[in-house]
Each structure stands twice: as structure tokens, then as C-alpha cells.
Amino acid sequence: MGGTGPAGPVMDRDEVDRALARLGAEHEAIETSLLALQDHAGRRLLEGAELTGTTRERWARTDASISVLWAYFERYAQVLRSARELRARRRWSSQEDLARLTELLRGPSVTVPGPEGAESAAAPSLTGPARLSRQFTLEELVSVMNDLYASSLDLVVSADAVWSALPARIDLLAAELQRTRGLAHSVGVRPGEHPSGDDLERITRALTLLREQVVSDPLAFWSPARGSSAPGGGRPDTGRYDREARALEEVRREIDAVLTVRQDAEARLLRLRDVLSRADRTLAEARSARGEVLAKIAASEVPAVSGPPTALQEQLAAASEYRRHAQWHRLSPLLEALEQRAEDELVRARESLTAVTAPLAVRAELRGRLDAYKAKVARHGLAEDPLLIERYDLARRMLWSAPCDLRAAESAVLRYQRAAAEVLVPRVPDQGGAVDGRGNR
């Protein structure tokens, strides 16, 4: 069984049978893959879609590659069929049959078309310079078919992944957009009248265009994974979709705020009127107190008290009009601004009242201190001390006369305190005996 030929050493019967079994298994695997590719939903969509851009160009080449794949597979099947028929002639193949089988199974026994066929358009780099025909061994042809199949499947899977992911998400977002538009219209958020209305129009146009582009050119929205050789390795590029989804979410929050305003408008307006009313009453009290201070306190700087701001009342009236005419989109920002300004106005009014009545508070503190020391002196039996009586009467006249000179009255109270301290210190008992004014025994 020795001898050599163009395909190398002649194979024996066992080697032939093993090679036929292996090549037969490869034939079945390739056929199964090609049929799966033929029935792939992505390929059917690519065939029936009106493609544009990158996808149109790449699908034209891939479609030609798939045709080449089938042509190669037929040539492969023919050679394999011939080899099987030759081997089946005799149980014990002759040396001549074995040489022929070796040539079929290991030699360049497969002839495929050159530039006149689809190969030149589909995979010129795989077949070298243009020729009328090329010859491959069965193993070489399997390698070529595997490469063509991988690149074809990669494109089909990538396009299908984009079509499976993005259009459905865009449709869901478009449905949410329609609901948001309905809510926006119900609260007066319309294009040309409110920024959110303009945003909704822009998002609508952007989603419509995005869906058209995704359907016609899905590969423009595919991000291949770096270093991945798996078919369809990568993910759909959702960048533009994500931006519109975020924009719609911002608009939806704005609409929700306006809806909340519609529900709470009356209560918020009542609270606003109450806060402004309290601020007005506090300012009125401060103005009245200022007159009292000017009449009762001498030599004191009393700050002026301004009237209530008319701008807030005007804005409050405008807010009521917006509510009456259901202009919620205008009422929402106005209420937020008014609530903050009303609270600020109440704080200002209270600070004004505090500043105006500060002299009266000082006088009251001095009166309390004077009476407290008098009571302390009385508890020690010194109420009839002439010096204390004189200084108490002077301080009291100053504090209970009008207008009261606070500086002079404070000095009088301090003199009374010092005098009381001088007479009280020697009388403070000590466990070891009496002490003098400096605390010595």
C-alpha cells in the first residue's frame, strides 16, 4: 500500500475511512450552521429592510459572502460525495482507488470560481489575486468557509441585537412621551408657552428620527467589544436614546411639580396670605412700639420701620389670578418664589420689632435688677439704710419717668448695686466667725 502522489503518501483504507468520517461530520456541522444562518431572524430582516448608510454597504458584501458560502459548500459536498461513492465501490479498495481517494481527500480537489463568480466581491483577500478559478483542499475550503461564516454571522447578529433592543425601548419611551404630553397639555405646558413644552416637541422629533435611523441603519448603533471574536461581540449603542430618556425624565419631574401645584395651590395660597398677614401685623406692632419708645426712652437711636412691600401683595394677586385661570405652569415657579420671600419678610418684620423694642427691653432688665437688689437688702434688714434709700429712689425715678435716659438710669442702678454690696458683704456669716469687707476674719 506504499507510494506517493501529488497529495503526499497514499492513505490506507483505515485512514480513508477516518478522513471520510471527520469530513462528513464537518459537512453536517457546516450545513446546520448555514441553514441556521439562512433562517436567522436578523438575516430575514436585513433582506426585507430598506437599509441605509453603513448597514446597506456592509450587508451588500455580507449577502454576497453568504451566496459564496453556499457555492463553496456545494463544491465541498460534491467532492465529499465523489469520495464516498469511490470508497463504496469495493469493501477492500484497490491501490488505484486509494490513490484517487487520497487526492480527493487531501489534495487540491475543489475548484471554485474566480473573478467571474461572487467570490471576488465577497472575500478577495481570502483567495489572493484575481484568477479565473482557485483550487483548495477540503480542509482549506473548510477554513475559508469558517471565516466567511463568522464574518457574516457577526453582522447578522449585531444588526439583530440592535433591532431587538432599541426600537422596542424607543417605542416604550415614545408611549411615555405621549402620556407626558397629555399631562403637560392639561396643566397648560405647551410649546411656545413653557420651556418644558418646547422640550417635549424636541424630544418627539429626536425619537422619531432616532427610530428611523435605527431601523434603516442598525449597525450605526453597534459598539463592538474590544478584543472579542465572538459573533455579535459588543452591545447596542444607546447613548442617544439615554440622553432623550433623561431629558424626558427632567420634563416629567417638572410636570409632576406643576401637577402638585394644581392640587395644593389653594392651601399654599392660604398659607402665603397668613405669613404675609403675620408679617404686616408684626410691622404694625413695630411701628406702634417705635412711637412708644420715642416717647418713653430718651437719648436712644430707634431704627425706622418700613411698610409692607407692595410687590409681594401684587405677586400674590397675580398668583391668585393664575390659579383662577388654571395657568399652573405659571403658578408653580411664582408660588415657590413667593413662599421664600414671604418667610424672609416675616423674619425681617420680627427683626425690626426686636430692634425697635430693644430699649424697652433694656429698661425692663434694669427695673428687674433694681427690684431684685432691693429685695435682697430687705431680707438682710437693711431696708432703712439712708444711703441705700437715697440711691434706690434716684434710680427708680429715672427708670419710671418718661422719657427715660437709659445711660443715666443704668449708672444709677450700678451705684445702688455697689452700695448694697458694701453693706451686705460684712454681714455674710462665716462658719469660723465674722469677716470684714475684704473677707478677713
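The values are calculated or read from the model by the stated rules, or taken from the named source; none is laboratory data. From a predicted model like this one, the values you see are computed outputs, not experimental measurements. Here the Cβ positions follow ideal geometry from the backbone for every residue, glycine too, while neighbour counts run over all protein chains shown.
A count restricted to the stretch 132-191 and to residues that are β-branched (Val, Ile, Thr) and more than 28 Å from residue 72 (Cβ to Cβ) stands at 5. Taking the stretch 325-360 as the range and being assigned to a helix (DSSP H, G or I), farther than 13 Å from residue 261 by Cα, free of Cβ contacts under 8 Å to residues at least 60 places away in the same chain and not small (Gly, Ala, Ser) as the test, the residues that pass are 340, 341, 344, 347, 351, 354.
Residue under question is residue 295, and the condition is that it be surrounded by fewer than 19 Cβ atoms within 10 Å (Cβ to Cβ) and of a type outside the set (Lys, Arg); does it hold?
yes
Which one is modelled with the highest pLDDT, of the residues in the stretch 165-209 that are surrounded by fewer than 16 Cβ atoms within 10 Å (Cβ to Cβ) and hydroxyl-bearing (Ser, Thr, Tyr)? Checking each candidate, the answer is 208.
Tell me, which residue of the stretch 93-110 that is in contact (Cβ under 8 Å) with a residue 12 or more places away in the chain and in contact with a helix residue (DSSP H, G or I) (Cβ under 7 Å, 6 or more places away or on another chain) is farthest from residue 135 (Cα to Cα)? Among residues in the stretch 93-110 that are in contact (Cβ under 8 Å) with a residue 12 or more places away in the chain and in contact with a helix residue (DSSP H, G or I) (Cβ under 7 Å, 6 or more places away or on another chain), the one farthest from residue 135 (Cα to Cα) is 93. Quick test for you: out of 151, 216, 196, pick the one residue that is in the same structural domain as residue 23 (by TED's automatic domain parsing) and either within 19 Å of residue 50 (Cβ to Cβ) or touching a residue at least 24 places away in the same chain (Cβ under 8 Å) (or both). Within the list 151, 216, 196, the selection yields 151. Out of curiosity, is residue 193 part of a helix (DSSP H, G or I) and over 13 Å from residue 241 (Cβ atoms)? Criteria not met by residue 193.
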